[in-house]
1. Run the paramagnetic zone check for Ser528: 7 angstrom along Cα to Cβ, then residues of region 491-506 with backbone nitrogen under 11 Å.
2. Based only on other Cβ atoms within 10 Å, what is the fewest-to-most ordering of Thr94, Thr455?
3. Tell me, what is the Rg over Rh of region 173-436, with Rh the Kirkwood radius over Cα pairs?
4. Any chance you could check the Cα centroid distance between region 255-293 and region 139-180 for me, in angstrom?
5. After finding the eigenvalues of the alpha carbon gyration tensor for the chain, what semi-axes result from the square roots of 5 times each, listed largest first in whole Å?
6. Under a Cβ-only charge scheme (Lys and Arg +1, Asp and Glu -1), can you give me the dipole magnitude of region 361-513 about the Cα centre, in debye to the nearest 20?
7. Over the Cα atoms of region 35-148, what is the Rg over Rh ratio if Rh follows Kirkwood?
8. Expressed as a whole number of Å, what is the distance separating the alpha-carbon centroids of region 352-383 and region 492-519?
Amino acid sequence: MHRAVKALCWSFALFLGYALCFHLSPMLAQTDLNGYWRLRTPNANGDGTFRETFFEIQQSGETISGSLIRGKNGIPINGTFKDGAIHFATVPPTPPPPPAGSTAPVRPPQRPVVYDGTFQGGKLVLHTAGRNGASVESEGDKVTKEATLPPAPLPLPALKDLPDNGLAKTPPMGWNSWNKFAGRVDDASVRGMADAMVSSGMSKAGYVYINIDDTWELGRDAQGNIVPNKKFPDMKALADYVHSKGLKIGIYSGPGPKTCAGYEGSFGHEIQDAKTYAAWGIDYLKYDLCSGLDIYKDDAPTLQALYQKMGEALQATGRPIVYSLCEYGRAAVWTGWGTKSGGNLWRTTGDITDKWNSMDKIGFSQLKLAEYAKPGHWNDPDMLEIGNGGMTGDEYRTHMSLWSLLAAPLIAGNDLRDMTDETKSILMNAEVIAIDQDPNYKPVQTLSTNDKIVTLWRPLHDGTIAVAIFNRGDAPADTGFAWSSLPAGFNGKGVKARDLWKHEAVAVSGDSFKTTVPTHGVVLLKVSAK
C-alpha cells in the first residue's frame, strides 16, 4: 500500500478511535450501577402512594450482586447487566425458628422477587410481577448510603406507670379491615361494614368497633399533620358516619417511620397524630411495632417507653381512645409493661392466618398467659378469621369458643356484608359471647389433657362454670369427663348443664358426661349447681 495511503488510514483509525472513546465515555460511565439505589413502586391499592425499596448494587462486568436493604439485615440479590438490560432476583434466607418459649408461628420461606428492566438516563426502570400476575413498573434513582438507613432514635420518655384510662373493662368487640381487605380498604367499605354490623344484628350482640388497619395514610402536610390518601377523602366525615350508627371507629399507626405496609408512621409525630385522631373522632388505636425495630432496641424498657410515648399522647387529648399494642408478644408484654405504658390490650403472638394449624397453635399457646389478663388490660392472640373460608364450621366454632374462654378481644375480620347463616350463628352466639364478656374475669384453667383432647373450664360471675372439650385431632373422638373432676360445687349429681352450641339442656346422669366431639371441633357447656 502506498505510504501516504497508509498514513491516511492510520490517521483515520486514530481519529475514529478518539471519536468513539469521546462519544462512548458518557455511555460507559452511565453503565456503572455500583452504589445505592431507591426504587419507587406505585402501591397496588390505587391510593396514589409509593412503596420505597432500597438496594446496594455491586457490578462486576456483566454480573450483578449486592442486597435488598431491609432493616438491620439485607436480602442478597444476584443477576446480570448486559447491553443496557438488567435482570436480578432476591435470594431470601431461610427464616429462623421462633425463640424458645415464643408463641409465634414458624414463618414460611419467602419467594424470590425477580426484577427485569433497563438502565436509561441514569435511572433504573424495572418490572416485577404483582400479586395478580400483572407487571408492575418501578423507577429507581441513585442515592447516598445515608438515605437507605433508618433515622436515628429520638429521645424516649422516662418510664412511669400511666393511669388506667378506664376503657375496655371487658374485651373489645368489633371488626378490623386487614384480614379480608388488607390494602383494599377504603371509605366505602368501612361505611359498608358499619351498615352491616347494625343490619346483621352484630351491634346488638356487642360488636361496636369498626377499625381501619394499615394503608389509609398518604403522608404529611407542610405543618407535619398526617394526611389520609385518596381512598379516605374525609376521615372526620367517615368517623361521624360510623358514630351515627351507634358504633365507634378505630385507626392504625406505629412508632416507626413506616407502617408494616410501608405507609407513614408516627415516628416523631406522636403528640401531633394523637391530636389529629382525637379531632377526627377516633375511638381506638392499633399501634404496630414494625419499623420501630429498625431504630430502637428490642427489650422491655425500650418497648415500654416507645409505647408509653403514644400512650401519654393519647391520654393528653382528653378523648377516650382504646389503646391496642401490636408488638407480637415481644419482651413478655403481658407481665406488666403493657399495662404501664397505657395499653388496654396487647398482642401476644405473631399474625394469625385463616388455617387450622395457625389458629390451633396460637389459641392453645395462650393458656399459660391467661392469669395476666384483667379488666381493662387483655391478652390479644390476634383477630378472628371466622367466615373467611379457610376453615370448617367446626374449626370456626373452636376458634370462637377458645377466644371466648381466653377472654380475648373478639375482632371479626370477615366481610360482614355477605355472611352465611352459619357465620352469623358463630359470631353472634350470645351464650358464647357472654363467656368472653363476663364482667368478673377469672382465667381459664385446664381440667385435663389426653392426647389431642383438651378439656378447659372457667368460672363465671353468676356462679356457673364454662366447660369445653376440644378435639385437636384429625378424626371424631368419643370422649368426656367425670363429673367428680369438676371444681367443688359442680362435682356431684346435683348439677345442670347446657350445650352452648346446640342451645339445649344436657341430660346429667351417671358419673360422667360422654359425647362425640367432631374433628377439630368443640363441645361447650355451661354447668350450674341446682
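Coordinate-derived values only; no laboratory data. Small disclaimer: the values here were computed from a predicted structure and weren't measured. FYI the Cβ positions are ideal-geometry reconstructions off the backbone, even for glycines, and counts take in every protein chain you see.
1. Residues 496-498 qualify, since their backbone N sits under 11 Å from the label point.
2. Going from sparsest to densest Cβ surroundings: Thr94, Thr455.
3. Ratio of gyration radius to Kirkwood radius: 0.94.
4. 5
5. 55, 26, 21
6. Around 500 debye, computed over region 361-513.
7. My calculation of the ratio gives 1.01.
8. 26
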